Amino acid sequence: MNSVLANVSADARDFTHPLMEKRGGEKHCVILVSTDKGLCGALNSNLTRESAKYDKDTTVFVCAGKKGAQFVARNKRNLAAEFTYKDAPLFAEARAISKFVQNLFLKGEVDSVEVLYTNFISTLVQKPEKQALLPIGELKSVQAGFHGQASSVALEKSGVEFQFEPGAETVLGALLPHYLNFQIYQILLEAKASEQSSRMVAMKNATDNAKQLIKDLTLEYNKLRQANITKELLEITTAQMALG
């Protein structure tokens with residue numbers, strides 16, 4: 001797909017499409033990709049902190065994950081739709097989200113679409129990031145999995161000359177929705193990898209803290225027990241001395 005996009009976009013230089021239309025309006029849509037469950041550290045709180053920066057009156061939210069939807073509802077913001085996705089995200093789930101926001105954009109209900117998600121950088125580091133989705137600007141490569149701090153690169157045309165039927169513009173117009181589907185799918189994979197890593201680290205920290213707490217309480221118990229034994233021995237010794 002990347003190869004076809006690179007060659008067809010190079011041949012269709014003056015190409016225009018409704019999904020590429022830049023508008024000057026202030027109506028924004030934010031796809032908030034969060035988790036369904038907690039116990040994953042500060043992942044969701046970092047996302048909701050960023051989402052709170054958007055203007056309440058001009059922004060509508062499309063949430064993937066229950067935690068994001070709960071935040072939007074709790075703060076009385078405009079929730080357009082809520083989607084769920086599995087631990088192993090499916091392409092069909094990404095396509096449903098992509099199709100919904102494309103319809104919002106094509107109908108003129110929003111002027112731009114952004115995605116707010118957690119990018120998987122490493123096992124210990126997950127970073128909330130924004131990515132512009134619509135209108136489509138420069139076409140970049142799409143990936144099928146997460147690789148840690150993945151960043152899209154510009155498409156480069158190959159040295160082979162292609163002829164497109166029925167035409168480069170028609171082919172590119174048909175590919176753009178699929179291009180957005182793959183972008184959303186990549187983001188869901190990044191978000192799920194971040195969730196699992198964050199939860200693993202949070203649970204490890206909780207386990208370590210619990211073990212340390214048990215150790216401290218055991219030490220304190222032994223100190224009190226030893227103090228009581230010493231006190232009883234002193235009382236017995238004092239009583240024996242008093243008797244003679």
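Annotations for the structure displayed:
- Scanning segment 76-130 for residues that are aromatic (Phe, Trp, Tyr) and more than 15 Å from residue 34 (Cβ to Cβ) yields a count of 3.
- Filter result for the condition that a residue is assigned to a helix (DSSP H, G or I) and at pLDDT below 90, over 175, 217: 175
- Any pair with Cβ under 7 angstrom, 6 or more apart, that starts in segment 87-112 at a residue that is under 24 Å from residue 197 (Cα atoms) and ends at one that is of a type in the set (Lys, Arg) and part of a helix (DSSP H, G or I): 87/192; 89/192
- Across segment 91-100, a minimum of one residue is classified as modelled with pLDDT of 85 or more, in contact with a strand residue (DSSP E or B) (Cβ under 6 Å, 6 or more places away or on another chain) and open to solvent by 40 Å² or more (accessible area, probe 1.4 Å).
- Test: residue 134 is at pLDDT below 65 and either closer than 21 Å to residue 30 by Cβ or touching a helix residue (DSSP H, G or I) at 6+ places or on another chain (Cβ under 6 Å) (or both): no
- From 212, 183, residue being free of Cβ contacts under 8 Å to residues at least 60 places away in the same chain and in a helix (DSSP H, G or I): 212
- Picking from residues in segment 28-79 that are more than 12 Å from the chain's Cα centre (by Cα), on the phi > 0 side of the Ramachandran plot and not hydrophobic (A, V, I, L, M, F, W, C), the one that is surrounded by the most Cβ atoms within 10 Å (Cβ to Cβ) is 41.
- Pairs where the first residue, in segment 119-139, is buried (at least 20 other Cβ atoms within 10 Å of the Cβ) and the second is part of a loop (DSSP other than H, G, I, E, B) and β-branched (Val, Ile, Thr), C-beta under 9 Å, 6+ apart: 134/110
- The single condition from (1) over 15 Å from residue 130 (Cα atoms); (2) in contact (Cβ under 8 Å) with a residue 40 or more places away in the chain; (3) touching an Asp or Glu at 6+ places or on another chain (Cβ under 9 Å) that residue 58 fails is (2).
- Residue that is modelled with the lowest pLDDT, among those in segment 1-27 that are under 25 Å from the mean Cα position of the chain (by Cα) and in a loop (DSSP other than H, G, I, E, B): 1
The values are calculated or read from the model by the stated rules, or taken from the named source; none is laboratory data. None of these values were measured; they are calculated from a predicted model. Cβ sites come from the backbone with ideal geometry, for glycine too, and all protein chains shown count toward neighbours. Note: accessible area is taken over every heavy atom of the protein model, side chains too, but ligands, DNA and RNA are not part of it. Shrake-Rupley method; radii C 1.70, N 1.55, O 1.52, S 1.80 Å.
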